Amino acid sequence: MIRKFSIMILVIFTQNCLNHKSSLLDQHFKIKDTHYRNINLFIRKIEISKVDDDLKSLQEETIKSNIKILLEQSNLFKSVNYYSNFLNDENAIIVDLDFYQYDNHLRIDPLYFPLSFLTLTLYIWFGGNIVNFESKIKLEINSYDKNNKLLASKIFREENIINDNIYNPWKSRRIIPEIKSNFILKSVIEVTN
């Protein structure tokens, strides 16, 4: 009885301890079939709102530098810089990015333990899911001209679940940064058109 209780506590503990904050993006990601814009893009604000934890400022700084590098490496804009108060460029667009939700959860698949036990681990060997990586992003992007006149404002949402199994245990760690990069690039492109 104590053994079953200990195993149950361990399972519940690991389910709740696998949350993590990931600011990783695939900085060299490129979107196909998009054209170059003769725009100087200025990033004024990147904020993760509605998050109350100790890692918020670290995560914001990390994602800020990652988004700047991603936008630079995409070669879609003439230049990408952080905002300054002295803009004289006619082709300048200023963007504010506000992440209302930026969640990443790595959880053990709820069927993993029961099916592994019932099938004497055949579930695992036939490629059953071990963990599920769930990513949810809700992002508002506002774009402004050099005189601070609002050009566009839009809210974007993205949800993904990637399943890892014994034959591809790091699949989610490879795919999620690419999916996030694609989502952010397409969102910025849509607001700056």
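The values are calculated or read from the model by the stated rules, or taken from the named source; none is laboratory data. The model shown is predicted, which means the values in this text are computed figures rather than measured ones. No Cβ is skipped: glycine too gets one built from the backbone with ideal geometry, and neighbour counts run over all protein chains shown.
If we scan segment 173-193, do we find a residue that is of a type in the set (G, A, S), in contact (Cβ under 8 Å) with a residue 60 or more places away in the chain and more than 20 Å from D98 (Cα to Cα)? Let's see the steps before the verdict.
Step one: filter segment 173-193 for residues of a type in the set (G, A, S), giving 181, 187.
The next check asks that each one be in contact (Cβ under 8 Å) with a residue 60 or more places away in the chain; those that pass are 181.
The next check asks that each one be more than 20 Å from D98 (Cα to Cα); those that pass are none.
No, because not a single residue in segment 173-193 is of a type in the set (G, A, S), in contact (Cβ under 8 Å) with a residue 60 or more places away in the chain and more than 20 Å from D98 (Cα to Cα).
For V191, the conditions (1) assigned to a helix (DSSP H, G or I); (2) exposed (fewer than 15 other Cβ atoms within 10 Å of the Cβ) all hold with the exception of (2).
Please find, among L122, L58, L106, the residue that is surrounded by fewer than 16 Cβ atoms within 10 Å (Cβ to Cβ), aliphatic (A, V, I, L, M) and within 26 Å of the chain's Cα centre (by Cα). Before the answer, list the steps.
On the way: L122 fails: within 26 Å of the chain's Cα centre (by Cα); L106 fails: surrounded by fewer than 16 Cβ atoms within 10 Å (Cβ to Cβ).
Just one listed residue meets the conditions, L58.
From F42, F86, F117, F77, grab the single residue that is free of Cβ contacts under 8 Å to residues at least 12 places away in the same chain and either surrounded by 15 or more Cβ atoms within 10 Å (Cβ to Cβ) or within 23 Å of A152 (Cα to Cα) (or both).
On inspection, the qualifying residue turns out to be F86.
Scanning segment 46-64 for residues that are of a type outside the set (V, I, T), at pLDDT 80 or above and touching a helix residue (DSSP H, G or I) at 6+ places or on another chain (Cβ under 9 Å) gives a single hit, E47.
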